[in-house]
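*Asks:* Sharing a structure here in C-alpha cells format.
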C-alpha cells in the first residue's frame, strides 16, 4: 500500500503541482473570456469543466514528456525528481504523458475539430523542443512559446469556432492577443526556468540561452518579453471589454512583475532566475483569476439588470 501511494505521488509530482494554479486558471479564463467577448454570455457548465481539465492535461502531458527527455540533466540539478530518483521508470512516465495527451485529444475532438488541430500543432512544437531543440540550439524556447501560446487559442476555439471546420463567427482579435500574450511571456518564463538549470546544462553540453550567453544577457531578454506581455495584458482588457477589476489587477500585478524582472537584471543568478520563474507563474495565475472574476462579475451585473 505504501509503495502504491508513493507511485501515485510520483505521478502527481510530474504534473508540476506548484504550477497547477496557473495551468488550471489559464484554460478556465480563456473559455469564459471567449464566450463573454463574443456572445456576452457564459459557457455551458459541462463543456467548460471538461475543456479546462483537457487543457490542463495537454499542458501537463508536455511537462511529463520533457522530464522523460531530461533525466540525465535532472540527475545533476534536480536529483530528487521522480525519474532521476527512479521512483518511476521512463516507460511509465511516457505512458502517463500519452494518457494525458489522449484525454486532451478526445475532449478537443468532441468540442471542436479546430481545437484538436491546434492541440496537434502545439504538441508538435513542444515535442520538437523536448526531443531535439533543447539540445541543439540556444533558441529552443521559441518552440515552447509557440506551443503554449496555442493552448488558450485552442480553448477559445472549443467554444467560439473560427468557422473553418465548424460553423462560427470567426476569430475575434482578443483570441490572437491572448495567444500572443501567453506565447511571448512564455519565452521569458522558459528562460527563467533554464537559468536555474545552468550548471546541469553546461555539464551536459546543452546550449540553452543562459548556458550559452550567460544569465545577465538572459535576464535582460526575459525582461523585454515581460514588458511586451504586460502591454498585451492591457490590450487584452481593452479589446474584450473587460471591466475595471481586470484592468486594475493587470496594471498593479504587471507593474509588480516588471519590478521583479528588474531585480533579476540587477542580480542575474540562477537562484534569482528560479525565484522569478515561480513569481511569473503566480502573476499569471492572478491575471487569469482576474479575467475569471471580472467576467463573472459583469455577467452577474448583466443578469441583475434584466427586468
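Each value in this text was obtained by applying a stated rule to the coordinates, not by laboratory testing. These numbers come from a predicted model, not from an experiment. All Cβ positions, even for glycine, are placed from backbone atoms using ideal geometry, and neighbour counts span all protein chains on display.
*Asks:* Between residue 274 and residue 12, what is the label-point separation in nm under the 7 Å Cα-to-beta-carbon projection?
*Replies:* Reported label-point gap for residue 12 and residue 274 is 2.3 nm.
*Asks:* Follow-up question, since we're still on this one. How far is it, in nm, from the label point at residue 40 to the one at residue 110 when both lie 7 Å from their Cα along the line to the Cβ?
*Replies:* With each label point 7 Å from Cα toward Cβ, the separation is 3.2 nm.
*Asks:* Here is a follow-up. Evaluate the range 76-157: find the radius of gyration of its Cα atoms, find its Kirkwood radius, and give the ratio Rg to Rh.
*Replies:* On the way: Rg = 14.9 Å, Rh = 14.2 Å.
For the range 76-157, the value is 1.05.
*Asks:* For the chain, what is the mean residue ellipticity at 222 nm derived from helices alone (per DSSP H run of n ≥ 4: -39500 (n - 2.57); sum divided by total residues; nearest 500 deg cm²/dmol)? Could the numbers behind the result be given before it?
*Replies:* Details: 13 runs with 243 residues, N = 307.
Calculated from helices alone, the mean residue ellipticity at 222 nm is -27000 deg cm²/dmol.
*Asks:* Can you tell me the alpha carbon radius of gyration of the range 53-97 divided by the globular rule-of-thumb value 2.2 N^0.38 Å?
*Replies:* On the way: Rg = 10.7 Å, N = 45, 2.2 N^0.38 = 9.3 Å.
Compared with the compact-globule rule of thumb, the range 53-97 sits at 1.14.
*Asks:* Roughly speaking, what is the stretch gain from residue 86 to residue 139, that is 0.36 nm per residue apart minus the C-alpha to C-alpha distance, in nm to one decimal?
*Replies:* Details: separation 53, 0.36 × 53 = 19.08 nm, distance 3.02 nm.
That pair, residue 86 and residue 139, stretches by 16.1 nm at full extension.
*Asks:* When Cα extents along the principal axes in Å is calculated directly from the model, which label among (i) 67, 46, 38; (ii) 78, 43, 37; (iii) 52, 48, 48 fits?
*Replies:* Among (i) 67, 46, 38; (ii) 78, 43, 37; (iii) 52, 48, 48, the one derived from this structure is (i).
*Asks:* Which distance in Å, rounded to a whole number, links the C-alpha centroids of the range 103-148 and the range 177-214?
*Replies:* The range 103-148 and the range 177-214 have Cα centres separated by 17 Å.
*Asks:* Could you work out the Rg to Rh ratio of the range 236-307, with Rh taken as the Kirkwood radius (inverse of the mean 1/r over all Cα pairs)?
*Replies:* Numbers: Rg = 16.1 Å, Rh = 13.8 Å.
Using only Cα positions, Rg/Rh for the range 236-307 is 1.17.
*Asks:* Another question about this same structure. Where does the range 143-222 land on Rg/Rh, using Cα atoms and the Kirkwood Rh? Don't skip to the end; give the middle numbers.
*Replies:* Values: Rg = 17.1 Å, Rh = 14.3 Å.
With Rh from the inverse mean 1/r over Cα pairs, Rg/Rh is 1.19.
*Asks:* What is the gain in length, in nm to one decimal, between residue 98 and residue 203 on full extension, counting 0.36 nm per residue of separation less the C-alpha to C-alpha distance? Before the final figure, lay out each step's value.
*Replies:* Working: separation 105, 0.36 × 105 = 37.80 nm, distance 2.99 nm.
So the extension gain works out to 34.8 nm.
*Asks:* Set the Förster distance to 41 Å, then compute FRET efficiency between residue 20 and residue 217 from the Cβ-Cβ distance, nearest 0.05. Please report the intermediate quantities before stating the final value.
*Replies:* Numbers: r = 31 Å, r/R0 = 0.76.
It comes out at approximately 0.85.
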